[in-house]
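Colleague: Can you read through this structure? Questions will come right after.
Please treat every number below as a calculation from the coordinates, not as lab data. The structure displayed is predicted, hence computed values, not measured ones. Neighbour counts are summed over all protein chains in view; Cβ atoms, including those assigned to glycine, are modelled from backbone coordinates with ideal geometry.
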Amino acid sequence: MIEIDSEVELFHPVDRAWRALTDRALLAKWFAEVAPESDRLVLRTAGLPGFDADLAVEVREMRAPERLVLSAREGDRLLLLTATVAPTAHGCRLAVRETLEQGDWDEAQRARRAEQHQQALAVRLPAILDWLAFQQVDLRRAEGALTAELPVVRPDRRAGRRWALIAAGVAGLALAAGAAVWATRPTPEAPQPPPAATPLVMPSARSQPATPRLSRTAAPAVRGSTAAVPTSSAAPSRTASPRPAPTATLTAGYRTVADRIFGYRGEVVVDNPSKTASAGWTVTVTLGDGATLGNVSGAEFSQDGRVVTFVGAALPAGSSATVRFDVRDPLHAAPDGCAVDGTPCTGL
């Protein structure tokens, strides 16, 4: 049994992700044309990389907005597609598994198909979700910032109830395939201001203990003697200065987790490969001109112009810490620079 697993974290609520996956009009914008046929739907996937024919889809299980299971027929192949959506602190996590129950793929075709999955989940789906979010936001009342979301006009539920159920099944397949060009991108430019920076209290340098200065006092001369006899005092004991504790050498790597129409999501992983624990760590990231930061997890942060400073807690030997953040920057897909305790990050 051959399986392809894909997963992506989205900065959108579960309901919005579910709607993008189950609404036929939205599906046509970012995946492929959908054609009804008898009691099932047909996706026009023939000729796409990794696909040999169109996919005929039927719903096996649907538990909105959490789980969707589909069966799909592609020529002589029988596929099982399972999609799960779970809420996270900053949005939701979408996981897709495609299982080949009947038929076969060669290694090259499986690789192309897996690449299409990743392209659909990490690039096209976030783009259509961003587009959908901007359709739901009132930009006219804001002065350089987004305002509350407006109510969404939903279609009449009395018509096409049966196809609404089947259309929901198409969503999971859209995740599995991921080809086709979706329609249009929005044009409004409304930069989101960065959240108020959290003030950082940086630890001050440790003061070294003062070393006492030793002095010798001559004893007074004894009257009537020809020479003054010095009185010896107890020799002071010397206290050994404490040796500085060895410091841990940290490394870090950067990667862009997801590209968006108006920015990107970045991730920095800080590693402590040494045998000594680190009392703390500092990562500096240099953004592009005019870029702003938001939705930070994994560290305290502050932004000063283009430079963002992340501060983390103690890092035991052999462990790592992950910082993820959103950047609003339509012109760039990655920061201009990154360093941990002054050492450049890999990946840039």
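Colleague: Using 7 Å Cα-to-Cβ label points, what is the residue 44/residue 297 separation (nm, one decimal)?
Modeller: For residue 44 paired with residue 297, the spin-label model returns 3.8 nm.
Colleague: Is the C-alpha gyration tensor of segment 73-133 telling us rounded, prolate or oblate? Criteria: a/c under 1.5 is rounded; beyond that, a/b larger than b/c is prolate, otherwise oblate. Don't skip to the end; give the middle numbers.
Modeller: Working: a/c = 2.70, a/b = 1.97, b/c = 1.37.
Prolate is the answer for segment 73-133, as a/c is 1.5 or above and a/b outweighs b/c.
Colleague: Continuing with the same structure: Can you work out the FRET efficiency for the pair residue 111 and residue 33, with r the C-beta to C-beta distance and R0 = 25 Å, to the nearest 0.05?
Modeller: Numbers: r = 25 Å, r/R0 = 1.02.
Once the sixth-power term is evaluated, E becomes 0.45.
Colleague: Here is a follow-up. Loop only per DSSP, at most 11 neighbouring Cβ atoms within 10 Å: give me the chymotrypsin sites (Phe, Trp or Tyr not before Pro) in segment 1-47, ordered by residue number. Spell out each step's value before the answer.
Modeller: Values: sites: 11, 18, 30, 31; in loops: 11, 31.
The qualifying sites: there are none.
Colleague: Based on the Cβ-Cβ distance of residue 255 and residue 279, what FRET efficiency does E = 1/(1 + (r/R0)^6) give at R0 = 35 Å, to the nearest 0.05? Could the numbers behind the result be given before it?
Modeller: Numbers: r = 26 Å, r/R0 = 0.75.
Computed FRET efficiency for residue 255 and residue 279 comes out at 0.85.
Colleague: Using 0.36 nm per residue, how much length does the chain from residue 101 to residue 320 gain when fully extended, once their Cα-Cα distance is taken away? Intermediate results must be reported in sequence, preceding the final value.
Modeller: Details: separation 219, 0.36 × 219 = 78.84 nm, distance 3.87 nm.
Length difference between fully extended and current span is 75.0 nm.
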